[in-house]
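Notes follow the structure.
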Amino acid sequence: MKEAAVEFINEVLDKTQPDIVVFGGDNIVTSGLEAYEQLLSPLVERGILFTFVFGNHDDECSDFNPEQMLAAYQQYPGCLAYDADPALHGCATHNLEVKSSDGTKTAFNLWLFDSGAYSDYENGESGYDCVRKDQIEWYRNRSEALQAANGGDVVPSLAFQHIIVKEVYDALYFRTPNLGKLTKNFCDGTSYSLVPNPSKFSGILQEPPCPSLDNEGEWDAFVERGDVLGCVTGHDHVNSFVADYKGVDIIQCPGATYNSYGKTNVRGGTLFTIDENNPFEYDRQVITAASLAVKDGSELPGLNGFGYWDYFFANVWYKILVLFMNII
């Protein structure tokens, strides 16, 4: 049976014709090399460059370790992912420079961080992992080197990782005393309500964000360096929003998956557009599978048990949610 996720990739690539695709983690949720062929063939056939970050479900569902998974990706034409420093926490933390049209400088940069899978915290609890101190130090050093090579100007960038940052609670939720299970409680002693402030973000929030309870200073480094416009995450599959925190955007993208958990009203991808003449701004467009499925010629209806009317009502509900959040 043809996979709906693969068909969505085909249709969204034809619609957007991107220069590069970034897979945001939870990419391969089955074992075996045939999954890589399914996922990457649409890009290879079109000659599109790609890179990726690992997600916690990649770690759970594969028979391969991260280094073997990286090697599997690298077998495909167009793969730009690499492991910048194997000594760092995780695997395949790297950056990709985008040169200016005349080739004289780095006009833009992409940061790709392995945010890990799961971790044991010092307080005895266990939960999701985060970007660690050695990766943050690597980022600082590499960011400073890019600035020096760029004539002293910071290089505007987007960062990509799977697990959302703890600062999403600072940005969207209210600080409270620790009330046990009635609040979200972090290792640094901060606690937050479980009800967000809708005026603080743009988009759709359908589940509480699930960051690590630990925090080793990644966001502070972004703010201090001043080069990262936003940090793009994919961990919370049914959320799709943007929120500013200390001048850097938290950008949660929806999941495109049909195999892991998700919701038809947001299932999709995100298109980022950068203008070389204005590189410190970016345009973001969410493209849902439902919006493609209701168009003439789409082959999505009928795949993986989702019919035309499933997509039709999901598309309507998505528009209502976005309108509602914009009003409040």
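Each value in this text was obtained by applying a stated rule to the coordinates, not by laboratory testing. Predicted model, so just to flag it, every value in this text is computed and none were measured. Virtual Cβ from ideal backbone geometry, glycine too; neighbours counted across all protein chains shown.
The chain: longest stretch without exposed trypsin sites (Lys or Arg not before Pro) (DSSP loop, at most 16 other Cβ within 10 Å), sites themselves excluded? Walk me through the intermediate numbers first.
Numbers: sites that count: LYS2, LYS105, LYS246, LYS295.
The longest such stretch corresponds to 106-245.
By its C-alpha gyration tensor, with a ≥ b ≥ c as the square roots of the eigenvalues, how is the chain shaped: rounded for a/c under 1.5, else prolate for a/b larger than b/c, else oblate? It would help to have the intermediate numbers written out before the result.
Details: a/c = 1.33, a/b = 1.08, b/c = 1.22.
Note, shape of the chain comes out rounded.
Determine ³J(HN,Hα), in whole Hz, for all residues of region 182-192 in sequence, where each value follows from phi through the Karplus function 6.51 cos²θ - 1.76 cosθ + 1.60 and θ = phi - 60°; x replaces Gly and Pro.
Listing the rounded values in order: 7, 9, 8, 10, 10, 4, 7, x, 7, 9, 9 Hz.
Whole-Hz ³J(HN,Hα) for each residue in region 82-89, computed from phi via Karplus 6.51 cos²θ - 1.76 cosθ + 1.60 with θ = phi - 60°, x for glycine and proline: what do you get?
Calculated HN-Hα couplings, in order: 7, 9, 4, 8, x, 6, 6, 3 Hz.
For the chain, give me the percentage of DSSP beta bridges that are antiparallel, rounded to the nearest 5 percent.
Numbers: 27 of 44 bridges.
For the chain, the DSSP antiparallel bridge percentage is about 60.
What does the charge count near TRP317 come to, summing +1 for each Lys or Arg and -1 for each Asp or Glu among other residues with Cβ under 13 Å from its Cβ? Could the numbers behind the result be given before it?
Working: positive: LYS263, ARG267, LYS319; negative: ASP310.
Overall, the nearby charge balance is +2.
Pairs LYS200/LYS263; LYS200/LYS246; LYS295/LYS319; LYS166/LYS263; LYS166/LYS200; LYS133/LYS184: which exceed 18 Å Cα-Cα? Could you put the intermediate results ahead of the total?
Numbers: LYS200/LYS263 23 Å; LYS200/LYS246 12 Å; LYS295/LYS319 16 Å; LYS166/LYS263 24 Å; LYS166/LYS200 15 Å; LYS133/LYS184 23 Å.
As for pairs spanning more than 18 Å Cα to Cα, those are LYS200/LYS263; LYS166/LYS263; LYS133/LYS184.
Using the Cβ atoms and a cut-off under 11 Å, what net charge is assigned to the surroundings of VAL223, where Lys and Arg are +1 and Asp and Glu are -1?
Details: positive: ARG225, LYS246; negative: GLU167, GLU218, ASP220, GLU224, ASP227.
Residues near VAL223 contribute -3 overall.
Please order VAL29, VAL294, VAL316, VAL12 by the number of other Cβ within 10 Å, starting at the fewest. If you can, show how the numbers build up before the last one.
Details: VAL29 16, VAL294 19, VAL316 13, VAL12 23.
Ordered by Cβ neighbours within 10 Å, fewest first: VAL316, VAL29, VAL294, VAL12.
Evaluate the charge dipole of the chain about its Cα centre and quote only its size in Debye, nearest 20, assuming +1 on the Cβ of each Lys and Arg and -1 on the Cβ of each Asp and Glu.
Details: 21 positive and 47 negative charges, 210 e Å.
Value, rounded to 20: 1000 debye.
Estimate the FRET efficiency between GLN68 and GLN285 by the formula 1/(1 + (r/R0)^6), using the beta-carbon distance for r and 45 Å for R0, to the nearest 0.05. Don't skip to the end; give the middle numbers.
Values: r = 35 Å, r/R0 = 0.77.
About 0.85, to the nearest 0.05.
Simple spin-label model, 7 Å along Cα-to-Cβ: LYS319 to GLN17 in nm?
That separation, rounded to one decimal, is 2.6 nm.
Starting from the amide H of ASP249, placed 1.01 Å from N in the peptide plane, find each other amide H under 5 Å away whose residue is 5 or more places distant or on another chain.
Those qualifying (amide H under 5 Å, at least 5 residues apart or on another chain) are GLY230, CYS231.
Return P(r) of region 218-321 (all Cα-Cα pairs; 10 Å bins starting at 0; whole %; ordered from short to long distances).
14, 38, 28, 15, 5
If you line up the Cα atoms of region 32-74 on their principal axes, what length do they span on each, largest first, in Å?
Here the spans come out as 30, 19, 16 Å, largest first.
How far apart, in nanometres, would the label points at ASP244 and LEU179 be if each is projected 7 angstrom from Cα along the Cα-to-Cβ direction?
For ASP244 paired with LEU179, the spin-label model returns 3.0 nm.
Give a quick list of chymotrypsin sites (Phe, Trp or Tyr not before Pro) in region 258-308 that DSSP marks as loop, anything other than H, G, I, E or B, with at most 15 other Cβ atoms within 10 Å. Please list the in-between numbers first.
Values: sites: TYR258, TYR261, PHE272, PHE280, TYR282, PHE306, TYR308; in loops: TYR258, TYR261, PHE280, TYR282, PHE306.
Hits after loop and neighbour filter: TYR261, PHE280.
Could you grab the relative contact order for the chain? Cα pairs under 8 Å, six or more apart, rounded to a whole percent. Intermediate results must be reported in sequence, preceding the final value.
Working: 656 pairs, mean separation 47.8, N = 328.
15 percent.
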